[in-house]
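Trainee: Before I ask anything, let me first share the structure, which is written out below as structure tokens.
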Amino acid sequence: MSRDKSSRRTDAGQQAVDVSEAQIAVHWPEEGYFSPSASFIAQANLTDADVFERFSLDRFPECFKEFADLLDWYKYWDTTFDASNPPFWRWFVGGRINACYNCVDRHLANYRNKTAIHFVPESEDEAVQHITYQELHVRVNEFAALLRDFCGLKAGDRVTLHMPMVAELPITMLACARLGVIHSQVFSGFSGAACADRILDSESRLLITMDGYWRSGKLIDHKEKADIAFAEAASKGHTAEKVLVWQRYPGRYSSPTKLVEGRDVIVNDVLRSFRGSRVEPVQMPSEAPLFLMYSSGTTGRPKGCQHSTGGYLAYVAWTSKNIQDIHPGDVYWCMADIGWITGHSYIVYGPLAVAASTVVYEGVPVYPDAGRPWRIAEDLGVNIFHTSPTAIRALRRSGPDEPAKYHYHFKHMTTVGEPIEPEVWKWYHQSVGKGEAVIVDTWWQTETGGFLCSTVPALHPMKPGSAGPGIPGIHPVIYDDDGNELASGSGKAGNICIRNPWPGAFQTIWKAPDRYVKTYYARYCRDPQSKDWRDWPYMAGDGALEAADGYFRILGRIDDVINVAGHRLGTKEIESAALLVPDVAEAAVVPVADEIKGKVPELYVSLKPGVEPTPEIAHKVSEAVVARIGAIARPHQVIIVPDMPKTRSGKIMRRVLAAISSHQDPGDVSTLANPEIVDSIRELNR
Ligand code: WTA
């Protein structure tokens, strides 16, 4: 554990009881600056300090034309920004565009034989595949033809993908985009049940999966999850037409799970009849949805964040070029999973839109040892690297001296997904970046499509632990609970919001427009009747504070979301899963600090009258959570308690449980309906 974190905990223990994490973090000292190297600046895409002037608030919205001009349009838009129905903003209205064309076809003229995707299998005995833009074009076209002519898909249809980290995943996404079909990729580590909810909510016509994939040296049976997903979605009211199964090894079926006749289709077999097929990209309205990405929120149901085609692609292209500093000659590796928004925006759409070579790595970072990422970097000549604090902490713990053994050189590195402790940042900078690489700490969300806060790498100094100012065109502000602005340097934390709309923002929550307005815009809206975007700040749901230099430090979620290893899990989802065990009467989940993952869920359950607590029940609860959501949600502990601490009105006091879990003083509990329970729970969690 880094020093900052442990000292944070001790401080907290000594302070008054309800000191929130936000307030504690405010007591961290500000770190000093680090400067980008002259050699980085000399080659950077964005070195023109006028950019902040160009993107000042009074240039909104026309400034974003610069983003859209990075793309090829079939028809140029007539309205840059349409605010007629707030907060359902529309960007580049009237424009026609195809995302697949922009990520593939348009690069053929100059980069036909350049690698678009390096697919790195987990096993070091299996050859890396270097897929050129030409080959990507062929494969995407053939699969698009299959989707259109064999499956009958058309623009606007939805399909659910539940695919691992293989080249076939971006190929599938791009084939959908070519047809205007809306893809919804579910993280492969999620369970079949979690996949079912997403098939159901999106009313997907197909489920596209793969038979198996490698994880920590094991060939996982992935097809098994497709059967669960299909059956559960069907039982809840939506039956997909087919299950398309890619083979991890073409020509060979690698799963012990049987195929279901009439429903399951081996993609690699059917593809043979589409050899040589070409499909004209469909000229989609800028506003047409490109994909859905489900994310956890405050209530149990995951939200289908709907992203647009033109605005989204413009946003990820511009930020890939200018914040990630990607040039067509770079080899770029983002170690995230494509099942999360980071992978969509910064493995697939952004890097391919700017003609990069992007790395897709199948396995876990520390397989077979902690030197693996650095061998990959050395072998492929990776010069831009992108990962999360969780992965950095894991690599630092298991192989602090590994990076020095390999001859790679990163010019640029990214961290994303959760706050990074300054100690960990410094190891990343010194050891992984060899003191040469510039670092951007990018703060953003599934909803926002792309980066919101980050330093511009050649223009701003870096400050460990701080994301930085808003990127050009993004104007953040911090409000207190009453809607007052908290000035920079005030030392006070509040709710971080964005004053202005931006092209990468999601369009709505799929089939839940009211929830969209309520969750993100209602809290600080100045006038619900107003058609002026200035009255509709976007509320991100994170606590943050702004230092005197205008850098934002993100403190974490203000809602019921636990950020595990940089991924959002809804507390309600976890608690509902625990209640699937018939013996359980009540469940409450709280986050506890974890050295590697940042936070992990800890679960308290009480049992139905007459049921004796046993380790088996605790085990069943844990398994139920994994089956329902996936291994990522596995509770650190399941603690069976005689009763939950409750208010007199019967509300479970999660705050008290959280204090017990992190061995802090729960404070004055005399107002609880059952104050005596606190000590007995503390006994159970020593
Ligand atoms: C957190 C991931 C601190 C934050 C792109 C946000 C961060 C949530 C950072 C979104 C960062 C993301 N520093 N916290 N650089 N980046 N977060 O939707 O709480 O999976 O609201 O998107 O992660 O998670 P999501």
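Trainee: What residue, of Arg205, Arg198, is at pLDDT 95 or above, surrounded by fewer than 24 Cβ atoms within 10 Å (Cβ to Cβ) and in contact with a Leu (Cβ under 9 Å, 6 or more places away or on another chain)?
Mentor: Only one candidate qualifies: Arg205.
Trainee: Count, please, the residues in the range 48-68 that happen to be without any contact (Cβ under 8 Å) to a residue 24 or more places away in the chain and in a loop (DSSP other than H, G, I, E, B).
Mentor: The qualifying residues number 3.
Trainee: For the range 596-686, give me every one of the helices (runs of 4 or more DSSP H) that falls completely inside it and has 3 or more residues that are on the phi < 0 side of the Ramachandran plot and of a type in the set (Gly, Ala, Ser).
Mentor: 615-628, 654-661
Trainee: If I filter the range 312-331 for residues that are among the acidic types (Asp, Glu), modelled with pLDDT of 95 or more, more than 16 Å from the ligand (Cβ to nearest atom) and not in a helix (DSSP H, G or I), do I get at least one hit?
Mentor: Yes, the range 312-331 contains at least one residue that is among the acidic types (Asp, Glu), modelled with pLDDT of 95 or more, more than 16 Å from the ligand (Cβ to nearest atom) and not in a helix (DSSP H, G or I).
Trainee: Test of understanding: among Val621, Val590, Val600, Val611, which residue is over 27 Å from the mean Cα position of the chain (by Cα), outside the structural domain of Glu423 (by the TED database) and of a type in the set (A, V, I, L, M)?
Mentor: On inspection, the qualifying residue turns out to be Val611.
Trainee: Would you be able to say whether some residue in the range 423-440 is within 12 Å of the ligand (Cβ to nearest atom), at pLDDT 95 or above, assigned to a loop (DSSP other than H, G, I, E, B) and under 28 Å from Tyr520 (Cα atoms)?
Mentor: no
Trainee: Which residues, counting only those in the range 396-422, are within 15 Å of the ligand (Cβ to nearest atom) and not in a loop (DSSP other than H, G, I, E, B)?
Mentor: If the condition is that a residue be within 15 Å of the ligand (Cβ to nearest atom) and not in a loop (DSSP other than H, G, I, E, B), then Met413, Thr414, Thr415, Val416, Pro422 are the ones that fit.
Trainee: Count, please, the residues in the range 639-682 that happen to be without any contact (Cβ under 8 Å) to a residue 60 or more places away in the chain and in contact with a strand residue (DSSP E or B) (Cβ under 9 Å, 6 or more places away or on another chain). So that I can check it myself, show each step before the final result.
Mentor: Taking the range 639-682 and keeping what is without any contact (Cβ under 8 Å) to a residue 60 or more places away in the chain, we get 639-651, 653, 656, 660, 669-680, 682.
Next, only the ones that are in contact with a strand residue (DSSP E or B) (Cβ under 9 Å, 6 or more places away or on another chain) stay: 639-646, 653, 660, 672-674, 677, 680.
Count: 15.
Trainee: Among the residues of the range 502-527 satisfying the criterion of being in a loop (DSSP other than H, G, I, E, B) and of a type in the set (Phe, Trp, Tyr), which is nearest to Asp197 (Cα to Cα)?
Mentor: Within the range 502-527, the match that is nearest to Asp197 (Cα to Cα) is Trp510.
Trainee: If the Cβ limit is 7 Å and pairs must be 6+ apart or interchain, which residue in the range 468-479 that is touching a residue at least 24 places away in the same chain (Cβ under 8 Å) and closer than 17 Å to Val440 by Cα pairs with which residue that is in a strand (DSSP E or B) and of a type in the set (Asp, Glu)?
Mentor: Gly468/Asp441
For every residue, the table says whether it meets (1) more than 12 Å from the ligand (Cβ to nearest atom); (2) free of Cβ contacts under 8 Å to residues at least 24 places away in the same chain.
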site: Ala487; (1), (2): yes, no
site: Asn495; (1), (2): no, no
site: Gln507; (1), (2): yes, no
site: Tyr520; (1), (2): no, no
site: Tyr524; (1), (2): yes, no
site: Pro528; (1), (2): yes, yes
site: Trp533; (1), (2): yes, no
site: Ala544; (1), (2): no, no
site: Asp560; (1), (2): yes, no
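Trainee: Right, next: Can you give me the number of residues within the range 452-476 that are more than 23 Å from Gly32 (Cα to Cα) and within 16 Å of the ligand (Cβ to nearest atom)?
Mentor: Final tally of qualifying residues: 1.
Trainee: From the list Thr390, Thr358, pick out the single residue that is among the β-branched types (Val, Ile, Thr), buried (at least 22 other Cβ atoms within 10 Å of the Cβ) and assigned to a strand (DSSP E or B).
Mentor: One residue alone meets the criteria, Thr358.
The values are calculated or read from the model by the stated rules, or taken from the named source; none is laboratory data. This structure is a prediction, so every number in the text was calculated from the model and none was measured. Counting neighbours? That spans all protein chains shown, and the Cβs are built from the backbone with ideal geometry, glycine included.
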